[in-house]
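Everything on this sheet refers to the single structure shown next.
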Amino acid sequence: MTNGNLLDKAYNPHDVEKRWYKFWEDENLFAAKEESGQRSYSIVIPPPNVTGVLHMGHALNNVLQDILCRYRRLRGDNVLWMPGTDHAGIATQNVVEKKLSKEGTDRHRLGREKFIEEVWTWREKYGSAIIHQLKRLGASCDWNRERFTMDEGLSKAVRKVFVQLYNEGLIYQGSYIINWCHRCHTALADLEVEHEEVEGNLYHIRYPFPSGEGGITVATTRPETMLGDTAVAVNPEDERYAALKEISVVLPLMNRLIPIIRDRYVDLSFGTGALKVTPAHDPNDFEIGKRHNLPAVKVIGDDGKMTEEAGKFKGLDRSECRKALTEELKNAGLLEKVIPHRHNVGHCYRCRTMVEPNLSKQWFVSVKPLAEKAAEAVRNGKTRIIPDMWNKTYFDWIDNIRDWCISRQIWWGHQIPAWTCEACGKLIVSMETPETCPGCGAKQLIQESDVLDTWFSSALWPFSTMGWPEDTALLRTFYPTSVLVTGFDILFFWVARMMMMGIHFMGDVPFEDVYVHALVRDEEGKKMSKSTGNVIDPLSVIEKYGTDAFRFTLAAFAAQGRDVRMSEKRVEGYRHFVNKLWNAARFALMNLPEAGPHPEKQTDIISLPDRWILSRLCKVTDAVAQGLDAYRFNDAAAAVYQFVWHEFCDWYLEAVKPALYGKQGAQKQAASVRVLERVLRDTLILLHPFMPFITEEIWHKLPGTKGSVMKAVFPSDAPDAATVLSDADAESEMGLLISVITGIRNIRGEMNISPSLELDAVVQSGDEAVRKTLSEHRDIVTNLARIASLSVQVPGEKPKAAATAVADAVTIFIPLEGIIDFDREIERLEKEILKTANELTASSKKLSNEDFLSKAPADVVAKVREKQELFIEKRQKLQSNLDRIKGIELK
């Protein structure tokens, strides 16, 4: 009856992974059907940057998406997982500019057209690297539909959206305070600015009154911007200035009069309570300036140098200007004091240059009308954010949203479809490139040189990738998408904007659920970063342990609202799980007929272990489905792990071996073979979303299977699902046997008795049903507990010289007379306890030595602490065993 399709002794993940991924692609198994009678399920991938390299965040995000897609295929859905990459404007331009710099040239020498050709060439050569890495993860995207945010179809969608929003009055040009990066020479959205606390100074500068007597002192962290001040503001409720009669002050070093204004924005508790107002260089000052009709004087140019408006400081770099200006203020007696001050400073998220708030003419989207509908969709449950702890963050941002600056002063990206007529100055915004001015007929039209923010095209991703603005079958079938899986860091950058655009242009939300996963940190909970040297490379881990072990680790720790603590040790642990499955399948296949199990006969006798494992299979199937349906990936992974390792491998396979070997008759053997095949088959299906490669490999060795495991039916949906039902009696009875066997094993371990030494056991219980179960299944207990005999009794006289344990309603006795020399065992344990106590004292002394703690490397100290904990645990265990032996009644 042996199956010829046996597995190799050891599992080699790399050969298996390459072979089966090629098979899946060749067989077109990832492809979605544009029209189908099946239930639709769709996910759009958060498009990685073309400059990207797979990191832990990508790995977690894509593994979770793949688990969902593979699971929904098993449930019979028509699944679309839409792949693609983002052109990543600033990031990609920076990479290509660095390449050109090494070649001794730059984009300005090349010119715009040639530079863009260079970027496309770079993209063709390197842009697919991240895609190949996602395939290593096992990502089952519909790769034939791969999109790029700069491809022809998406570019058409971008232009259509821009033109429509402009015509609706929701896109406009205006002078506004924006975040300006001098290195990248572009505006940055608020979300593209990363703030970090730095050591700085608070400069207290006196602004004299025109009379020359007295003045107002202001405190600032950016004294160079004072050259552009157009007012000094105080709070109308500030008693310090209630009696102030002066209406203006003299701007130091510039000698021009600026007004004193009263505005409730001024913080009474900061500095002197007087605020210098620089509308051209601070977003809050810009708003104050609008309220009081103040002029905006730009003193720092787009190149980071002081402008003509800065007077004699013109041409100086902003940091040079600060030094020169504070020196002059000091000499003039106007710099009263300088106090060290820690404060937050914004930096460009790409190049880390300090960002300068600057007044600039830019393109904006008026987002409030769009944001209101996006907020309402989450409030009314049209879109769910999971876990719901992120709802507050979403509403805080979207309810207080500012207009979105969408123009970027770079060359790589979607060039804004706006033209200005040189003859009459008319602005033309159009889908098609105009040949003549509709106002005066002139042909001298200059296109806007700015490109759109990368997030503008990304905001259209859920529908532009499916063919919009055309009315496609793909859109009709798969929009809105089922779920978006994303990190919380792009909840605003991307998710909220997709919500706005989806509702506005499609009349419906872009996704029903948004699952927000946490960060992947190191094993100590620290953020991974190159500077701290704690980055774990996913590709190195895959190379070492295999993709399935890595994927299962991510899923097992992906608890809602809790960061994933990753270490190679954990992946190694799940590699053992992969091996456990392999060995169990290898054993099973050795005991299955090559043609598959025979059909069920009425004469077949189904044993208690068979009934029990089928009941547990029913329960784990429900647990996996419930976990994945609720995005509780860790719960689903834990359930199937517990089932495979502890129930199927540790208990069922051991309990059923006598039946499989024919020792219990043909009827029991036939039934156990059939149950073993069914359980292994369904286990592979349950594990497939988490561990696709090994499950595919074993599936093809399993008798009677056809095609890929990807095409299998989830156990609870299968036509024969009714044959696998929950069996409370079987679970109760087998649970009792497991408790008794475990109790006997524990006594053997604690008493240091060799596993090969056969013992006798006596069990006593006042419950007749318990005694009946133990008597009927005595062979299972004697076989798995490795005992010579099992005597089942009502409670009565306790056997002499017996170790005891209690399991459920059963007291277990193991007579030890002649098995153990009690005096010698007591002596051995006492010696061991003394030795452990000495080792514990030595490690404790080290840890109380301040010199050792301060000078020894951190890993050495950690090892000593670990040893100390092990010694404490060992001593407690030894003492417990000693107490147990001393407590045994020898007479």
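Tabulated values for the structure
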{"read-out": "Set 680, 737, 702: member being in contact (Cβ under 8 Å) with a residue 24 or more places away in the chain, surrounded by 15 or more Cβ atoms within 10 Å (Cβ to Cβ) and closer than 21 Å to residue 636 by Cβ", "value": "680"}
{"read-out": "The range 195-214, residues that are assigned to a strand (DSSP E or B) and either of a type in the set (A, V, I, L, M) or on the phi > 0 side of the Ramachandran plot (or both)", "value": "198, 202, 205"}
{"read-out": "Boolean, residue 56 is under 27 Å from residue 577 (Cβ atoms) and either in contact with a Pro (Cβ under 8 Å, 6 or more places away or on another chain) or not β-branched (Val, Ile, Thr) (or both)", "value": "yes"}
{"read-out": "Filter result (in a helix (DSSP H, G or I) and within 27 Å of the chain's Cα centre (by Cα)) within the range 669-708", "value": "683, 684, 685, 686, 687, 692, 693, 694, 695, 696"}
{"read-out": "Flag for residue 628 being in contact with a helix residue (DSSP H, G or I) (Cβ under 8 Å, 6 or more places away or on another chain), within 24 Å of residue 700 (Cα to Cα) and not in a loop (DSSP other than H, G, I, E, B)", "value": "no"}
{"read-out": "Complete set of residues in the range 286-318 that are in a helix (DSSP H, G or I) and either within 28 Å of residue 212 (Cβ to Cβ) or touching an Asp or Glu at 6+ places or on another chain (Cβ under 8 Å) (or both)", "value": "288, 289, 291, 292, 309, 310, 311, 312, 313, 318"}
{"read-out": "Identity of the residue in the range 491-542, open to solvent by 20 Å² or more (accessible area, probe 1.4 Å) and part of a helix (DSSP H, G or I), that ends up nearest to residue 691 (Cα to Cα)", "value": "539"}
{"read-out": "Single residue of the range 120-170 satisfying the filter (of a type in the set (S, T, N, Q) and outside any helix (DSSP H, G or I)) that is most open to solvent (accessible area, probe 1.4 Å)", "value": "128"}
{"read-out": "Per-region count, the range 350-375, residues under 23 Å from residue 397 (Cα atoms), assigned to a strand (DSSP E or B) and open to solvent by 50 Å² or more (accessible area, probe 1.4 Å)", "value": "0"}
{"read-out": "Odd one out for residue 487 among (1) under 28 Å from the mean Cα position of the chain (by Cα); (2) exposed (fewer than 13 other Cβ atoms within 10 Å of the Cβ)", "value": "(2)"}
{"read-out": "Tally of residues being hydrophobic (A, V, I, L, M, F, W, C) and buried (at least 22 other Cβ atoms within 10 Å of the Cβ) across the range 185-195", "value": "2"}
{"read-out": "Qualifying helices (runs of 4 or more DSSP H) (wholly inside the range 382-467; at least 1 residues being free of Cβ contacts under 8 Å to residues at least 60 places away in the same chain)", "value": "390-398"}
{"read-out": "Residues located in the range 543-565, provided they are open to solvent by less than 20 Å² (accessible area, probe 1.4 Å) and small (Gly, Ala, Ser)", "value": "546, 549, 555, 558, 559"}
{"read-out": "Qualifying residue in the range 625-633 (condition: modelled with pLDDT of 95 or more, in contact with a strand residue (DSSP E or B) (Cβ under 9 Å, 6 or more places away or on another chain) and open to solvent by less than 30 Å² (accessible area, probe 1.4 Å))", "value": "yes"}
{"read-out": "Selection within the range 245-266 - free of Cβ contacts under 8 Å to residues at least 24 places away in the same chain and either open to solvent by less than 60 Å² (accessible area, probe 1.4 Å) or in a loop (DSSP other than H, G, I, E, B) (or both)", "value": "245, 247, 255"}
{"read-out": "Criterion violated by residue 277 - all others in (1) at pLDDT 95 or above; (2) within 45 Å of the chain's Cα centre (by Cα); (3) open to solvent by 70 Å² or more (accessible area, probe 1.4 Å) satisfied", "value": "(3)"}
{"read-out": "Selection from the range 267-284 of residues that are part of a helix (DSSP H, G or I) and in contact (Cβ under 8 Å) with a residue 24 or more places away in the chain", "value": "283"}
{"read-out": "Residue that is among the basic types (Lys, Arg), open to solvent by 10 Å² or more (accessible area, probe 1.4 Å) and closer than 23 Å to residue 722 by Cα, where the choices are 619, 657", "value": "619"}
{"read-out": "Residue 347 being exposed (fewer than 15 other Cβ atoms within 10 Å of the Cβ), under 32 Å from the mean Cα position of the chain (by Cα) and closer than 25 Å to residue 202 by Cβ", "value": "no"}
{"read-out": "The range 87-119 - residue that is under 33 Å from the mean Cα position of the chain (by Cα) and not in a helix (DSSP H, G or I) and, of those, modelled with the lowest pLDDT", "value": "88"}
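The values are calculated or read from the model by the stated rules, or taken from the named source; none is laboratory data. None of these values were measured; they are calculated from a predicted model. Here Cβ is always computed from backbone atoms with ideal geometry, including for glycine, and neighbour counts include all displayed protein chains. SASA here: full protein model, heavy atoms, side chains in, ligands and nucleic acids out. Shrake-Rupley method; radii C 1.70, N 1.55, O 1.52, S 1.80 Å.
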